[in-house]
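Participant: Take this structure, written in structure tokens, and hold onto it; I'll ask about it next.
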């Protein structure tokens, strides 16, 4: 009898034929902090968009505060060294930093962005390929309670997400870039790719920027997501939860000398 009741409960919990569970997407808007008007327009977009704010820029704090007051999720958009030599700006991580300087930059970046609950990389096509530097980063992020990391995947050889998993950090990765080309039709195509990936895999994450074309397309398209069976959620809803009781803490661990000399 008990087995029969259990079987009935299991059958009732299975969706009926043709019924599919709601797919979820998260949209991250990167590079906030340099421009007030475009940043304000981005924060005022409808729905549970997540905002990645650059540290120590003119409008960083004000935009992070505005997003938080609006009930939106805020991340630190942490500058990392690129392979093409682009300037990092204030608060950037690069391979010339020693261990203590590296940790200090991470702490300053997090302190600069109020309400940040996660981190993703700004640029980083060079740094995210270095296992030693990524190990340091995830160790440092592990000193803060409940932070997650999203790998923006600015290079195909990135090891950032693998390092986050090894350190026990909640993590995710970008699936689609919305606006590599600042053309409305291209951005719409990328949004359709995002929706298709979410329906195939259950969820997907996109990254865009506060470009006028991106903001216009998102303002038009986001309200139509629900009719497509898509739910827009904060990034924290889609991160892979990791459990690791051996997280490193800066106060009790030795500090190696140079990031570029630390390899797995």
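Participant: Got a sec? Which strands (runs of 3 or more DSSP E) wholly within region 1-106 have at least 3 residues that are in contact with a helix residue (DSSP H, G or I) (Cβ under 7 Å, 6 or more places away or on another chain) and either over 30 Å from residue 130 (Cβ atoms) or modelled with pLDDT under 95 (or both)?
Facilitator: Because the criterion is at least 3 residues that are in contact with a helix residue (DSSP H, G or I) (Cβ under 7 Å, 6 or more places away or on another chain) and either over 30 Å from residue 130 (Cβ atoms) or modelled with pLDDT under 95 (or both), the strands (runs of 3 or more DSSP E) in region 1-106 that meet it are 23-32.
Participant: Can you confirm whether region 54-61 contains a residue that is surrounded by fewer than 19 Cβ atoms within 10 Å (Cβ to Cβ) and without any contact (Cβ under 8 Å) to a residue 12 or more places away in the chain?
Facilitator: Within region 54-61 (the criterion being surrounded by fewer than 19 Cβ atoms within 10 Å (Cβ to Cβ) and without any contact (Cβ under 8 Å) to a residue 12 or more places away in the chain), the answer is no, since none of the residues qualifies.
Participant: Could you check how many residues of region 190-216 are in contact with a strand residue (DSSP E or B) (Cβ under 9 Å, 6 or more places away or on another chain) and part of a helix (DSSP H, G or I)?
Facilitator: 13
Participant: For residue 188, indicate whether it is free of Cβ contacts under 8 Å to residues at least 60 places away in the same chain and over 25 Å from residue 117 (Cα atoms).
Facilitator: yes
Participant: Name every residue in region 237-261 that is in a helix (DSSP H, G or I) and either buried (at least 17 other Cβ atoms within 10 Å of the Cβ) or at pLDDT below 95 (or both), in order of residue number.
Facilitator: 259, 260, 261
Participant: Separate question: Can you tell me how many residues within region 190-227 are surrounded by fewer than 13 Cβ atoms within 10 Å (Cβ to Cβ) and touching a helix residue (DSSP H, G or I) at 6+ places or on another chain (Cβ under 8 Å)?
Facilitator: Final tally of qualifying residues: 1.
The values are calculated or read from the model by the stated rules, or taken from the named source; none is laboratory data. Treat the numbers as computed from the prediction; the structure is a model and nothing was measured. Note: ideal-geometry Cβ built from the backbone for every residue, glycine included; neighbour counts use all protein chains shown.
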